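Colleague: Sending over a structure as structure tokens; questions will come in a sec.
Each reported figure results from applying straightforward, stated rules to the coordinates on display, with no laboratory input. Treat the numbers as computed from the prediction; the structure is a model and nothing was measured. For neighbour counting, all protein chains shown are included, and Cβ atoms are generated from backbone atoms with ideal geometry for every residue, glycine included.
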Amino acid sequence: MQRRNAAASGSVALKEDLMTIDLARARRETPGCASVLHFNNAGAALMPQPVIDAVVGHLQLEARIGGYEAAAQAHAAVERVYDAAAALLGCQRDELAMVENATRAWDMAFYAVPLGRGDRILTAMAEYASNYIAFLHVAHKTGATVEVIPNDASGQISVEALRQRLDKRVKLIAITHVPTNSGLVNPAAAVGEVARQAGVLYLLDACQSVGQMPINVNHIGCDMLSATGRKYLRGPRGTGLLYVRRSVIGRLEPPFLDLHAAEWTARHQFAIRPDARRFENWETNYAGKIGLGVAIDYALEWGLEPIWQRVSALASALRTRLETLPGVRVRDVGAERCGIVSFTAARQEPTAIQQALAQHNINVTVSRLPSTRLDMETRGLRSIVRASVHYYNSEEEVEHFCTTLASILRA
Ligand SMILES: Cc1ncc(COP(=O)(O)O)c(C=O)c1O
């Protein structure tokens, strides 16, 4: 209904045949839609009602009967998250670990990769700060080297350059699928093909992509993939997951072990568990885990393909509209672009824009140079405004966002 009105108003309208999402229902089931214009889905998306109910319900159960007892009673709901995530990513439940965020997921995989002097790690220009810091950390300790593959003309990782850099010393390819600071979608599957042909371990940071587009680990060909709950999956904060391909789990010794990841089998012995839960730890946020399972099921119910079509169409409408505003420069690069829209304005600093939008109840965020130093330095950027849309955002919101921004920029 709201969509038809937008089309009728002639402002921002998306192709009707691409839009199979029932927007009215999506918004009705998202209480936050009533109070804010939320274009910070790449920060933390608004949770839908079923996720809120699941999390709050479990906390209430814990309060009523006790935390351990609640976990036992909700065992099926807790375990559901593994099946839901397996369906989401096209993998098996024993290839999944649930942890507290994407960074911890990524770290558990990265620090488990055996690396020594002379070994080479290949990464990309848009790499996230935490990952790059870990590369430097391990490189300093072990004598391994980290090398950055240049971009191609479109601004995505050059798959050709990657292929040319391979040799026997390359032990890991680790790239970010969608960076924190732009709408770029790196060609993860083409990179996976190169990694497979060379027999090199491939770790994909899919923190910003999971939940906004279909992701299949076999299609991509990654050995490890990290994701977070709160962003495009619309799950609770403090949740994340790690996928590790069954055939490589045994080769990867987690950097930390506890009595959940391993068993103390004899006084001087322990055995690391054979599945991906070796990357977990014992104590966990049960309400969060249940909520993440519900969030993934909720996304699967909408369908990742319809979600992706609507997210990319809305983002592209937003880019087109932003480009008409005087002084505004859309900063997204790459052959394929997603729901993250990054821009700068000629006269106002990104932080001033963010604050002014907040006065109008509009959420965006600012991404700064230290989060993606290689990319930002190369493009001569210190900070950008990041407006990230989700399928529950409306065409009217895109229009309202742009008219509000235009009035801010005129002031
Ligand atoms: C590309 C990328 N990787 C990893 C992370 C870290 O995710 P988390 O905060 O869940 O640890 C972020 C967060 O913004 C990100 O943008």
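Colleague: Given the criterion over 24 Å from the mean Cα position of the chain (by Cα) and surrounded by 15 or more Cβ atoms within 10 Å (Cβ to Cβ), identify the matching residue among Leu318, Leu259, Leu325.
Modeller: So the residue among Leu318, Leu259, Leu325 that is over 24 Å from the mean Cα position of the chain (by Cα) and surrounded by 15 or more Cβ atoms within 10 Å (Cβ to Cβ) is Leu325.
This table checks each residue for (1) touching a residue at least 40 places away in the same chain (Cβ under 8 Å); (2) more than 18 Å from the chain's Cα centre (by Cα).
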residue	(1), (2)
Gly143	no, yes
Ala153	no, yes
Ser158	no, yes
Arg169	yes, yes
Leu172	yes, yes
Ile175	yes, no
Leu184	yes, no
Ala189	no, no
Arg196	no, yes
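Colleague: Which numbered condition trips up Gln92, out of (1) under 18 Å from Arg246 (Cα atoms); (2) within 16 Å of the ligand (Cβ to nearest atom)?
Modeller: Here Gln92 clears every test but (2).
Colleague: On to the next question. Any residue in the range 384-411 that is part of a helix (DSSP H, G or I) sitting within a Cβ distance under 8 Å of a residue that is among the aromatic types (Phe, Trp, Tyr) and buried (at least 24 other Cβ atoms within 10 Å of the Cβ)? List the pairs, counting only those 6 or more apart or interchain.
Modeller: Glu397/Phe39; Phe401/Phe39
Colleague: Separate question: If you check Ala126, Ala112, Ala134, which single one turns out to be within 16 Å of the chain's Cα centre (by Cα) and either within 16 Å of the ligand (Cβ to nearest atom) or within 19 Å of Gly250 (Cα to Cα) (or both)?
Modeller: Among Ala126, Ala112, Ala134, only Ala126 is within 16 Å of the chain's Cα centre (by Cα) and either within 16 Å of the ligand (Cβ to nearest atom) or within 19 Å of Gly250 (Cα to Cα) (or both).
Colleague: I need every pair where a residue in the range 362-380 that is in a strand (DSSP E or B) has its Cβ under 6 Å from the Cβ of a residue that is among the small types (Gly, Ala, Ser), sequence separation at least 6 or different chains.
Modeller: Thr365/Gly43; Val366/Ser383; Arg368/Ser383
Colleague: What are the residue pairs meeting all of these: first residue in the range 89-103, first residue in a helix (DSSP H, G or I), second residue within 16 Å of the ligand (Cβ to nearest atom) and among the small types (Gly, Ala, Ser), Cβ atoms under 7 Å, and 6 or more apart or on different chains?
Modeller: If the second residue must be within 16 Å of the ligand (Cβ to nearest atom) and among the small types (Gly, Ala, Ser), the pairs left are Ala102/Ser226; Ala102/Ala227; Ala102/Gly240; Thr103/Ser130.
Colleague: Is there any pair with a first residue in the range 220-247 that is at positive phi and a second that is among the polar types (S, T, N, Q) whose Cβ atoms are under 6 Å apart and which are 6 or more apart or on different chains, and what are they?
Modeller: Close Cβ pairs satisfying both conditions: Gly238/Asn285.
Colleague: Report yes if Ala72 is over 19 Å from the mean Cα position of the chain (by Cα) and in a helix (DSSP H, G or I), otherwise no.
Modeller: So Ala72 passes the test.
Colleague: Answer yes or no as to whether Ser209 is within 13 Å of the ligand (Cβ to nearest atom) and either among the hydroxyl-bearing types (Ser, Thr, Tyr) or within 15 Å of Ala112 (Cα to Cα) (or both).
Modeller: yes
Colleague: Go through the range 172-197 residue by residue and tally those that are within 12 Å of the ligand (Cβ to nearest atom), in a loop (DSSP other than H, G, I, E, B) and over 14 Å from Ala42 (Cα atoms).
Modeller: Here the count works out to 1.
Colleague: Out of all the residues in the range 224-280, which are over 19 Å from Asp94 (Cα atoms), in a strand (DSSP E or B) and aromatic (Phe, Trp, Tyr)?
Modeller: Trp264, Phe270
Colleague: Evaluate the range 150-171: report whether one residue or more is part of a strand (DSSP E or B), within 23 Å of Ala189 (Cα to Cα), of a type outside the set (D, E, K, R) and touching a Phe, Trp or Tyr at 6+ places or on another chain (Cβ under 9 Å).
Modeller: No - not one qualifying residue is present in the range 150-171.
Colleague: Additional query: Of everything in the range 320-339, what is in contact (Cβ under 8 Å) with a residue 24 or more places away in the chain and not in a loop (DSSP other than H, G, I, E, B)? Give them in sequence order.
Modeller: Arg321, Leu322, Val328, Arg337
Colleague: So which residues in the range 238-256 are buried (at least 16 other Cβ atoms within 10 Å of the Cβ) and in contact with a helix residue (DSSP H, G or I) (Cβ under 9 Å, 6 or more places away or on another chain), if there are any at all?
Modeller: Hits for the range 238-256 are Gly238, Thr239, Gly240, Leu241, Leu242, Tyr243, Val244, Arg245, Ile249, Leu252, Pro254.
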